[in-house]
């Protein structure tokens, strides 16, 4: 005698294909955050500089493809560093590198820095032929000691977000970053252990910091909300 096993897939193939395109390991990390809770980790915000003029200059279909290619590459860069993509908002995005996934604070901070470097490379690859200042991403990275992170809108959406003062400060750091640069907070840099810093080509003792309020061109909102934060350019 033999056995006949019938398997019924309740999900349409087109929907299953969308899931298969993504990074399975990152989906698992996101699924583990179904229950919101306080967690510790590095925060990354990035945004495409001069996106409004670019959207006007390019045909809409071409601009859509550009943004899609950009975020596809950025999602991959974050996944490669064991990070979690937060919300996409037009031409901006966030990501989180949690201690529980990376093992310790130093590795989380290092992962965020590597992802930031890769994001600039991806932006140059994707947008270099249409933007005069190739790779013009503004990136800010910060440390979240008490991130409240989880699924904000559960019920079928595999989507996570984080709330808290550290998240707001990370966004302000990104807004103040010059095009094509990464600004990192002192709190994040000082999580790096010597070996991890060396692997990144950084000597933490030789870095120079300035407050967000002292950065030329820092937006008024960034100065108001996080002007006292010490940051450095990476």
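A short reminder: the numbers here are calculations on the coordinates, not readings from a lab. Quick caveat, the model's predicted, so the values are computed rather than measured. Cβ atoms come from the backbone with ideal geometry, glycine included; neighbour counts cover every protein chain shown.
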Next item on the list: Determine the gain in length on full extension of the stretch residue 25-residue 69; use 0.36 nm per residue of separation and subtract their C-alpha separation, reporting nm with one decimal.
Entry: 13.8 nm
Margin query: Taking 0.36 nm per residue of sequence separation and subtracting the Cα-Cα distance, how much length would be gained by fully extending the chain between residue 145 and residue 125, in nm to one decimal?
Written below: 3.8 nm
Note to self: Taking 45 Å as R0, compute the FRET efficiency from the Cβ-Cβ separation of residue 195 and residue 87 and round it to 0.05.
What the structure shows: 0.85
Checklist line | Rotationally averaged projected area of segment 176-228 (alpha carbon convex hull; nm²) | finding: 4.1 nm²
Item checked: Label-point separation in nm, residue 168 to residue 76, each point 7 Å along Cα→Cβ -> 3.7 nm
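For the peptides 191-203, 40-52, 102-114, what is the packing order when you average, over each peptide's residues, the other Cβ atoms within 10 Å and list the highest mean first?
So the order, starting with the most tightly packed, is 40-52, 102-114, 191-203.
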